[in-house]
Amino acid sequence: MRLSYNRSVMERTLAIIKPDAVKSGVTGKILARIEANGFQIRAMRMIHMSKAEAEGFYYVHKARPFFGALTDFMSSGPCVVMCLESDGAIRKWRHQMGATDPAKAEAGTLRKDFGASIDNNATHGSDAPETASFELGYFFRGMEL
Ligand code: ATP
Ligand code: MG
């Protein structure tokens with residue numbers, strides 16, 4: 001067993017810097033804020049999802065009225081997918097992102113500072129342990145984590 005005890009109690013979540021934020025050139029700023037907040041970046045890759053790949057990622061929303069616009073947007077350009085690790089990473093990352101709608105997000109959150117609208121809201125984060133497990137597996141092989 002090579003993993004230390006400390007490392008094994010850490011939680012992991014899937015984070016995405018969405019196409020709007022990559023396009024507007026704030027990838028580096030967001031990464032700096034992630035690290036300053038105490039996350040370890042365990043894996044990271046820039047990808048340009050196809051429409052079908054975006055649909056697979058957001059399949060839980062397939063019946064929602066915004067599914068078409070959401071998956072068009074997520075496949076509109078490159079994004080950065082990451083595995084973030086910390087104590088309570090799932091809640092901690094969602095707190096750092098802020099509310100889904102940037103207009104309702106708290107001051108100092110990433111969506112407040114970098115999101116333009118509910119459709120173009122700069123970042124994604126898993127919302128529960130089961131979701132994190134599915135989403136991390138969607139983008140990363142075990143060996144990369
Ligand atoms: P994400 O999953 O991207 O981290 P979230 O968990 O805060 O965001 P979800 O409810 O999972 O919010 O919605 C997924 C995405 O769908 C949101 O990020 C947003 O861009 C879009 N979305 C959600 N609700 C609406 C809505 N009412 N109108 C338009 N787009 C929406
Ligand atoms: Mg969500």
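We did not get these values from a lab; they are worked out from the coordinates using the rules stated. As the structure is a computational prediction, the values presented were derived from the model and not from experiment. Glycine gets a Cβ as well: all are built from the backbone with ideal geometry, and neighbour counts include every protein chain shown.
When each of Ala105, Ala122 is tested for being without any contact (Cβ under 8 Å) to a residue 12 or more places away in the chain and in contact with a helix residue (DSSP H, G or I) (Cβ under 6 Å, 6 or more places away or on another chain), the lone residue that passes is Ala105. Ala36 meets the conditions (1) in contact (Cβ under 8 Å) with a residue 40 or more places away in the chain; (2) over 15 Å from the mean Cα position of the chain (by Cα) in every case but one. The failed one is (1). The requirement of being of a type in the set (A, V, I, L, M, F, W, C) and either out of contact with any Leu (no Cβ under 7 Å at 6 or more places or on another chain) or without any contact (Cβ under 8 Å) to a residue 24 or more places away in the chain (or both) is not satisfied by Leu136.
The residue of segment 75-109 that is surrounded by the most Cβ atoms within 10 Å (Cβ to Cβ), among those that are of a type outside the set (A, V, I, L, M) and in contact with a Phe, Trp or Tyr (Cβ under 9 Å, 6 or more places away or on another chain), is Trp93.
I'm checking my understanding of the structure. Among residues of segment 118-144 that are in a helix (DSSP H, G or I) and within 12 Å of the chain's Cα centre (by Cα), which one is nearest to ligand 2 (Cβ to nearest atom)? Reasoning before the result, please.
As a first pass, look at segment 118-144 and keep what is in a helix (DSSP H, G or I): 129-139, 142-144.
Subsequent filtering for residues that are within 12 Å of the chain's Cα centre (by Cα) retains 131-132, 135-136, 139.
Values: Thr131: 8, Ala132: 11, Glu135: 9, Leu136: 14, Phe139: 15 Å.
For segment 118-144, the residue satisfying everything is Thr131.
Please work out if Asp127 is under 18 Å from Pro78 (Cβ atoms) and near ligand 1 (Cβ under 10 Å from one of its atoms). No: the conditions fail for Asp127.
Applying the criterion of being away from ligand 1 (no atom under 12 Å from the Cβ) and not charged (D, E, K, R) to the residues of segment 52-67, the residue that is farthest from Lys18 (Cα to Cα) is Ala63. Exactly one residue out of Lys23, Lys51, Lys18, Lys62 is in contact with a helix residue (DSSP H, G or I) (Cβ under 8 Å, 6 or more places away or on another chain), within 17 Å of Ser117 (Cβ to Cβ) and of a type outside the set (A, V, I, L, M, F, W, C), and it is Lys18.
Kindly indicate whether Met49 is surrounded by 13 or more Cβ atoms within 10 Å (Cβ to Cβ), hydrophobic (A, V, I, L, M, F, W, C) and away from ligand 1 (no atom under 12 Å from the Cβ).
Working: surrounded by 13 or more Cβ atoms within 10 Å (Cβ to Cβ): yes; hydrophobic (A, V, I, L, M, F, W, C): yes; away from ligand 1 (no atom under 12 Å from the Cβ): yes.
Yes; evaluated as a whole, the condition is true for this residue.
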